[in-house]
Each structure stands twice: as structure tokens, then as C-alpha cells.
Amino acid sequence: MKTIIISHSKDLNSAADIIKKGGLVAAPTETVYGLCANALNSCAVSNIFIAKGRPSDNPLIVHIAGRDMLYNLAIDVSEEAVLLMDAFWPGPLTLVFKASSIVPKIVTGGLDTVAVRFPSHPTMQKLINLSGFPLAAPSANTSGKPSPTNAKRVIEDLDGKVEAIIDGGNSEFGVESTVLDMTSKVPTILRPGGITLEMLQQVLEDVTVDPAISHSLSNNALPKAPGMKYTHYSPNAEVFIVRGDLKKVTDKINTLIQAHHKAGKTVGVLATEETKHLFNANLTLSVGTSQNLSTIAAQLFEDLRTFDDHHMDIVYSLAFPKTGIGEAIMNRLEKSAAHNIIDV
Ligand code: TXA
Ligand code: MG
């Protein structure tokens, strides 16, 4: 299949026509790029799973461009959910509801719930409105890889597998949306993201976090968001997080690098602006300044992919504070490191 690249500033009718005919279009959102198909067309949605190589029990988020669309997809939309929508929609908050009968089972991975998100990105909104359907859209990466935050990375994974890719520049948030389960007694964060726990707590009295998020899943905890159990965000390199006092972390990483170099391995370090000059790695990347977690979130996946461009065997990463969007950053980083954490 020949994939066409469309600039976000161009007429998006051709992209919408592809969706209407049951095809696949990758498009920018404010979080990461999404791989979109008509959510109400099972056959179109099945092609998403094929293009990504995604396990079929991992459900997709349905993207809408207005609240009216929600009431066709979901039942039992609570007052609390309305408060959240007032506060955070459009934006990087996905809400899980009981699914209505129009939602195909392939979208929900066989669950009786559906995850719905109203993205704020104008291009994504336009694509939904022009096609006239809610769009099922996972992140537009090969399953298991870090999510793409620019069109170049989408092309890398999906060229020849989708009809079109809309280029909308760099994603604003860089980590995926917060997934919040509204079907449990107390709304529960299933995946941390752009809308933080602190932000949710300003609207809801009671919010909780799925314990499976913070633990290695070898501890028997089965996550409620099926996607959280799979290998994720993994570059080809083996990733380790080194945590503790900065001087000790730097010394530890440099000692490890020396040993790896003796063994003929290439080593990358994911550092910050403030620390990038401290390491003797083959490739040290700054993910941003430690003063600004939002810019780190926006750069994280791109840096993980850059280590692969340079064929690093091993990557050491600093740890970041788990406050605000730091919770999402560390969740993604810990998964990319398969929970390999070295405390010093
Ligand atoms: O920011 C985002 O959410 C991006 C952009 C493209 O919108 N999309 C995204 O989709 O990250 P995906 O498929 O990569 O991740 C969706 C997550 C998975 O962990 C999945 O298991 C969970 O949401 N999920 C989807 N439907 C669910 C449901 N009914 N119940 C629980 N978890 C669900
Ligand atoms: Mg994904």
C-alpha cells in the first residue's frame, strides 16, 4: 500500500474520505499520534490491530469531537463524569464507561466497557467531524515501541501499512492520555497521563489509582487497563533506571559504562540539560531541564527512539520526581526499562 503524507494545514477531506471508506489514517493529537479508523466499522478497526501488530484483547480508545457523540457510545454517564468533562474536555483525559450496544466488541477487546476521549488537537477534531464517525485510535506505533510524537516516527513504523499520515508537527504533551475508570465505585486511574491525580482531585472528592500501575506486574496484580500488562515503550536497547543521590548516580553509571565498553557494548544515557556533560557514554541525550517536567514528557519517547537510531545496546536513565506529570513519565520509563531499577 502506498501511504500518502498530508500536511495538517491542507484540506483534510481526502483523509476523511479514507476513513469513510473503512481505511486507516494516522493523525496528530495533543498527546501522541493516533492510528485512526471508523470506530463503528469492525472491519476497519480490525485493520488497526493488524497494522500495529497489537494483541486483540487490548481495547482501543474511541475519540469524539463533541459530547453528543458520547451519549451514543456510553451508558450510565454519571454526574461526576460530567464534572470531569466540564473541567478537562477537550484534552488528555480518557473516561471509561459502560459501552452501548453500538460499540463493536473488537473496539472494547471483548469488555463491556468503552474508553472515550475528546481530544483538543484541532486536526484530530477536524478529522472526526469531516468523517462523521467517532474514531478508534491507539497510539500510531508498532505495538511495544515508544509512542510517536512526530510524523517521522509514524512513518518509520507505519509506512506502507496505512492509507495516509497527517503531519501536524510535534505533540504537545508527549505522553498518552490519563485513563480513568468511571465504572468502579471510586473513579480509578488505570493509566497516569496528561491530566494528573492532583488535577482530578480538584474536581472529584474521591479518586484512586489502580495499584497495578506502580508495581511490577510479576507481583500478580492484573491491571484493569489490559494494555498495561504488555511490554511497552521499549526501544531495542536494554534500559535501566538509576535512582538516588545525583553524585552517586553519575558515578554508578560511569562505572557501568566503563565495564560495558570493555565488553564491546555501546551505551546511551538519558540525562538532563543540567547533567548531560557528566557522562562518558557513546550517546548522551538531554530529555530537558529538570525544572520542567512537561518538556521532559514531550521529549521522552523521541529520545528513547533516538537511542535505537544509533544502535545503543544499553541505555541508563536518570529517575524523575513522581509529581504531576512526573507520575506518567516514570510510569512510561519504568515500563520501557521492564522495571530494571538500580538504587544507589
Ligand atoms: O493519548 C492517548 O490516549 C492516545 C491518543 C492517540 O489518543 N491513545 C492511546 O491509545 O494511548 P492506546 O491504545 O495506545 O492506549 C489505550 C489504553 C490501553 O492501555 C488500553 O488497555 C486502555 O487504554 N483501555 C482502552 N479501553 C479500555 C477499557 N474499556 N477499559 C480499560 N482500559 C481500556
Ligand atoms: Mg499505545
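Here is how the numbers come out for the structure above:
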{"read-out": "Criterion: modelled with pLDDT under 95 and farther than 23 Å from A140 by Cα - qualifying residue of S286, S234, S290", "value": "S290"}
{"read-out": "Candidates V77, V25, V82 - the one that is more than 10 Å from ligand 1 (Cβ to nearest atom), over 23 Å from the mean Cα position of the chain (by Cα) and under 30 Å from I329 (Cβ atoms)", "value": "V82"}
{"read-out": "Residue count, the range 182-197 (criterion: in a loop (DSSP other than H, G, I, E, B), more than 16 Å from ligand 2 (Cβ to nearest atom) and not small (G, A, S))", "value": "7"}
{"read-out": "Neighbours by Cβ (under 9 Å, 6+ apart or cross-chain): first from the range 117-132, within 24 Å of V77 (Cβ to Cβ); second assigned to a helix (DSSP H, G or I) and of a type in the set (D, E)", "value": "S131/D17"}
{"read-out": "Failed item in (1) without any contact (Cβ under 8 Å) to a residue 24 or more places away in the chain; (2) over 22 Å from K248 (Cβ atoms), with F301 passing the rest", "value": "(1)"}
{"read-out": "Residue identified as crowded, with 22+ Cβ neighbours inside 10 Å and either away from ligand 2 (no atom under 16 Å from the Cβ) or outside the structural domain of K52 (by TED's automatic domain parsing) (or both) among A137, A99", "value": "A99"}
{"read-out": "Residues within the range 127-144 that are in contact with a strand residue (DSSP E or B) (Cβ under 9 Å, 6 or more places away or on another chain) and closer than 17 Å to I165 by Cα, tallied", "value": "10"}
{"read-out": "Residue in the range 11-18 that is assigned by TED's automatic domain parsing to the domain that holds N150, free of Cβ contacts under 8 Å to residues at least 60 places away in the same chain, surrounded by fewer than 24 Cβ atoms within 10 Å (Cβ to Cβ) and of a type outside the set (D, E, K, R) present", "value": "no"}
{"read-out": "Which listed residue, of L24, L40, L35, is closer than 15 Å to Q125 by Cα, of a type outside the set (F, W, Y) and either in contact (Cβ under 8 Å) with a residue 60 or more places away in the chain or away from ligand 2 (no atom under 16 Å from the Cβ) (or both)", "value": "L35"}
{"read-out": "Identity of the residue in the range 143-187, buried (at least 21 other Cβ atoms within 10 Å of the Cβ) and of a type in the set (S, T, N, Q), that ends up nearest to ligand 1 (Cβ to nearest atom)", "value": "S177"}
{"read-out": "The range 109-134, residues that are within 13 Å of P226 (Cβ to Cβ), within 16 Å of ligand 2 (Cβ to nearest atom) and not in a loop (DSSP other than H, G, I, E, B)", "value": "A115"}
{"read-out": "Where S131 falls short, out of the listed (1) within 15 Å of ligand 1 (Cβ to nearest atom); (2) farther than 16 Å from K335 by Cα; (3) small (G, A, S)", "value": "(1)"}
{"read-out": "Count of the range 49-73 residues which are near ligand 1 (Cβ under 10 Å from one of its atoms) and at pLDDT 95 or above", "value": "6"}
{"read-out": "One residue from T94, T108, T123, T113 being assigned by TED's automatic domain parsing to the domain that holds L197 and buried (at least 23 other Cβ atoms within 10 Å of the Cβ)", "value": "T94"}
{"read-out": "Residue in the range 199-214 that is among the small types (G, A, S), under 24 Å from T142 (Cβ atoms) and part of a loop (DSSP other than H, G, I, E, B) present", "value": "no"}
{"read-out": "Tally, over the range 142-181, of residues that are part of a loop (DSSP other than H, G, I, E, B), closer than 25 Å to I329 by Cβ and among the charged types (D, E, K, R)", "value": "3"}
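The values are calculated or read from the model by the stated rules, or taken from the named source; none is laboratory data. Note that the coordinates shown come from a computational prediction; the quantities given were computed from them, not determined experimentally. Don't worry about glycine lacking a Cβ; one is built from the backbone with ideal geometry, like all the others, and counts go over all protein chains shown.
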